[in-house]
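Peer 1: I have a structure I would like to understand better, so I am pasting it below and will then ask my questions one at a time.
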Amino acid sequence: MSFLKEIERRRTFGIISHPDAGKTTLTEKLLLFGGAIQEAGAVKSNKIKKGATSDFMEIERQRGISVATSVLAFEYNGIKINILDTPGHKDFAEDTFRTLTAVDSVIVVIDVAKGVEEQTEKLVEVCRMRNIPMIVFINKMDREGKDAFELLDEIEQKLGLTVTPLSFPIGMGYDFKGIYNIWEKNINLFSGDSRKNIEDTIEISDLKSSELNDLVGDTSAETLREEIELVEGIYPAFDHEDYLNGTLQPVFFGSALNSFGVRELLDCFVEIAPKPRAKESEERLVKPEENKFTGFVFKIHANMDPNHRNRLAFIKIVSGEFKRNTPYLHVRHNKKVKFSSPNAFFAEKKEIVDISFPGDIVGLQDTGNFKIGDTLTEGEKLNYKGVPSFSPEHFRYINNADPLKSKQLFKGIDQLMDEGVAQLFTLELNGRKVIGTVGALQYEVIQYRLEHEYGAKCTYENLNVHKACWVDPSNSNTDEYKEFVRVKQRFLAKDKQNQLVFLADSIFSLQMTQQKYPNVKLHFTSEFS
Ligand code: G4P
């Protein structure tokens with residue numbers, strides 16, 4: 001197959017949702033349809049169940065599982081699909097944000113009863129900022145939930161999306177009769193039988209035909225006709241370009257658990273979802289069709305085996321072909337490196353591969369040379385735009401609890417931060433180190449890993465910070481900026497990229513600071529231009 005055909009046929013995406021909406025179940029059903037697994041239950045949820053917070057063995061076990069499900073690849077109708085796993089647990093949201101830099105599109109799963117939840121809002125916002133094409137899947141239609149129109153409204157309001165339903169439910173919960181597939185103009189009847197398959201689809205080219213009444217009964221048929229008329233009146237028609245530009249989001253309804261509405265979703269997905277997209281680097285836009293290889297690290301998974309400090313760096317291939325045993329430039333180190341055993345991922349296994357294409361993910365063995373955002377090329381000095389950091393929610397001083405092991409501690413902290421486990425800030429005033437995390441769970445993970453992987457011990461001390469704001473250096477030679485730095489020194493720190501950060505201790509102090517120094521721009525993410 002030609003290089004261009006290989007690119008054409010790849011779809012690399014992530015499934016995002018609030019925990020429990022059905023992401024794992026949907027992933028599994030997609031794999032079943034793709035023939036990648038034979039039975040349900042093969043995909044392990046990588047969510048950390050409640051109560052496991054302090055159970056380190058559980059954390060370790062979960063980490064083992066999450067590497068196994070980091071990338072799930074399968075073929076469907078000649079299309080190579082790569083699903084990138086995104087942890088649902090909110091304490092690992094950073095990991096999900098980073099993974100979103102490697103996807104070409106996403107599917108958003110929403111629970112019909114719960115509607116738009118907190119995690120969904122955050123993740124969708126990141127996708128919106130990056131104009132990532134999104135398809136929405138409203139799940140659990142076999143249960144009582146919100147009215148379809150009410151839910152579509154909520155999605156538009158809370159998520160700021162413009163939706164266009166491509167399927168529509170006929171009833172719900174106890175009265176759930178099936179789905180009218182607007183995209184394919186057919187009906188899928190629901191029998192609550194999880195073995196439903198493609199043959200059960202009934203073509204309905206004209207909703208006015210009495211055939212519809214025979215299928216779902218007079219009342220449901222009439223309601224459906226009215227609802228579809230409303231849908232056509234209210235929502236914009238599907239437009240492929242708008243979807244690809246991230247300005248229009250198709251919506252599907254179904255029940256992942258019952259494999260219902262999943263095939264329709266998958267069929268539409270392979271047809272409309274984008275092939276690998278071009279990616280901005282600091283220097284230029286890089287297109288997948290370019291024949292020279294480039295790629296970047298979006299995830300690092302460490303120490304699967306505590307006896308060897310080995311890590312697996314996940315590279316998204318942006319352009320060209322990645323070949324085994326070929327020297328590539330590690331741009332940040334300005335050094336050539338080659339890999340004898342790059343891993344490709346399949347539904348249930350990983351394998352060494354000789355060649356991979358744009359859109360694919362390869363896992364490279366690493367002994368500490370990579371950090372998130374690193375770029376590999378055939379020689380060009382290119383830097384893919386980094387993954388932005390968001391303000392952590394928790395802040396704690398980290399103290400060395402064993403003075404004889406300070407070297408190990410600093411090395412450990414350094415490597416864990418490269419992996420993106422948490423963010424490190426160094427206070428300007430006294431050089432003390434502060435760890436910022438999205439969830440409290442991370443502190444336990446860090447403490448545990450420092451001890452078991454690096455032989456170092458640490459303690460924490462709470463630090464009262466409301467928000468970390470990145471200080472725009474553009475006005476740094478003004479008197480106002482200099483005064484800000486002098487007066488606020490106690491609240492200033494450097495992040496790992498040496499960017500200046502203002503650690504505001506309350507909303508009030510943040511507002512006061514902004515009022516007093518209006519020309520010192522403060523940003524809520526580390527990436528701004
Ligand atoms: P997540 O990865 O988004 O966190 O969600 P997951 O797939 O684990 O699904 C969360 C729960 O919702 C699971 O039940 C799952 O069986 C259920 N579920 C998923 N899709 C549907 C659906 O279409 N209809 C109904 N009624 N339920 C659905 P659980 O009891 O929490 O877990 P389990 O014990 O069944 O694994």
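Since every read-out is calculated from the coordinates, none of them should be taken as a lab result. The model shown is predicted, which means the values in this text are computed figures rather than measured ones. A quick note on method: Cβ atoms are made from the backbone with ideal geometry, for glycine too, and the neighbour counts reach across all protein chains shown.
Peer 1: Going by alpha carbons, how many degrees (0 to 90, nearest 10) lie between the helix axis of 23-33 and the longest principal axis of the chain?
Peer 2: Roughly 60 degrees between the two axes.
Peer 1: Can you give the extra length, in nm with one decimal, that the chain gains between R225 and E289 once fully stretched, where that is 0.36 nm per residue apart less the Cα-Cα distance?
Peer 2: Gain in length upon complete extension: 18.5 nm.
Peer 1: Local charge sum around N291 (other residues, Cβ-Cβ under 15 Å, Lys/Arg +1, Asp/Glu -1)?
Peer 2: Neighbour charge sum, excluding N291 itself: -2.
Peer 1: While we're here: Compare the peptides 71-77, 351-357 by average per-residue count of other Cβ atoms within 10 angstrom and give them in order, highest first.
Peer 2: Peptide ranking by packing, descending: 71-77, 351-357.
Peer 1: Which whole-Hz ³J(HN,Hα) couplings does the stretch 224-233 yield from phi under the Karplus relation 6.51 cos²θ - 1.76 cosθ + 1.60, θ = phi - 60°, glycine and proline marked x?
Peer 2: Each residue of the stretch 224-233 in turn: 4, 4, 5, 5, 5, 4, 4, 4, 5, x Hz.
Peer 1: Continuing with this model, one more query. Which of the peptides 120-127, 337-344 is most tightly packed, and how do the rest follow, going by the mean number of other Cβ atoms within 10 Å of each residue?
Peer 2: Packing order, densest peptide first, comes out as 120-127, 337-344.
Peer 1: Write down the Å³ per residue value for the convex hull defined by the alpha carbon atoms of the stretch 77-135.
Peer 2: 100
Peer 1: With the crude spin-label approximation of a point 7 Å out along Cα→Cβ, what separation in nm comes out for E527 versus T247?
Peer 2: It is 2.2 nm.
Peer 1: Now a separate question. Per the helix-only calculation at 222 nm, which mean residue ellipticity applies to the chain, given -39500 (n - 2.57) for every DSSP H run of n ≥ 4 and division by its residues, nearest 500 deg cm²/dmol?
Peer 2: -8500 deg cm²/dmol
Peer 1: Separate question: Could you estimate the translational diffusion coefficient of the chain from the Stokes-Einstein equation, with Rh from the Kirkwood formula over C-alpha pairs, at 37 °C and 0.692 mPa s, in whole µm²/s?
Peer 2: 132
Peer 1: A further question follows. For G261, what residues show an amide H to amide H distance below 5 Å, using hydrogens built from the backbone and excluding near sequence neighbours?
Peer 2: Result for G261 returns S255.
Peer 1: What is the angle, in °, between the Cα long axis of helix 118-129 and the longest principal axis of the Cα atoms in the chain? Nearest 10 is fine, range 0 to 90.
Peer 2: Approximately 80 degrees, to the nearest ten.
Peer 1: Quickly rank 439-447, 424-432 as a protection proxy: mean count of other C-beta atoms within 10 Å, highest first.
Peer 2: Packing proxy ranking, top to bottom: 439-447, 424-432.
Peer 1: What list of ³J(HN,Hα) values in whole Hz, one per residue of the stretch 170-178 in order, does the Karplus curve 6.51 cos²θ - 1.76 cosθ + 1.60 (θ = phi - 60°) give from phi, with Gly and Pro shown as x?
Peer 2: Per residue, the Karplus-derived 3J(HN,Hα) values read 9, x, 7, x, 4, 9, 5, 9, x Hz.
Peer 1: Next question, about the same structure. Output wanted: per-residue J couplings in Hz (rounded whole) for the stretch 404-415, from phi through Karplus 6.51 cos²θ - 1.76 cosθ + 1.60, θ = phi - 60°, x for Gly and Pro.
Peer 2: Karplus-based 3J(HN,Hα) across the stretch 404-415 equals 6, 10, 5, 4, 4, 4, 5, 5, x, 4, 4, 5 Hz.
Peer 1: Another question, if that's okay. At R332 and A401, where each label point lies 7 Å from the Cα along Cα→Cβ, what is the point-to-point distance in nanometres?
Peer 2: Each label point lies 7 Å from its Cα, and together they span 2.9 nm.
Peer 1: Please list the non-local residues whose amide H lies under 5 Å from the amide H of V286, H modeled 1.01 Å from N, same-chain partners needing a gap of 5 or more.
Peer 2: Correct list: K279, E280, S281.
Peer 1: Would you mind computing, in nm to one decimal, how far apart the modelled labels at R490 and H240 are, each placed 7 Å from Cα along Cα→Cβ?
Peer 2: 6.1
Peer 1: Which angle from 0 to 90°, rounded to the nearest 10, does the C-alpha axis of helix 148-159 make with the longest principal axis of the chain?
Peer 2: 20
Peer 1: So who's got an amide H within less than 5 Å of the one on N186, skipping anything under 5 residues away but keeping other chains? H placed 1.01 Å off N, in plane.
Peer 2: Counting only residues 5 or more places away or on other chains, the set is N181, I204.
Peer 1: For the stretch 353-500, what does the convex hull of the Cα positions come to per residue, in cubic angstrom?
Peer 2: Hull volume normalised by residue count: 162 Å³.
Peer 1: Another one. Suppose we keep just the DSSP beta bridges with both residues in the chain; what percent of those would be antiparallel, to 5?
Peer 2: Antiparallel bridges: around 75 percent, rounded to the nearest 5.
Peer 1: What is the antiparallel percent of DSSP beta bridges lying wholly in the stretch 73-140, to the nearest 5?
Peer 2: 45
Peer 1: If Lys and Arg each add +1 and Asp and Glu each add -1, what is the summed charge of the other residues whose beta carbon sits under 15 Å from the beta carbon of P327?
Peer 2: Once positives and negatives cancel, what remains is +3.
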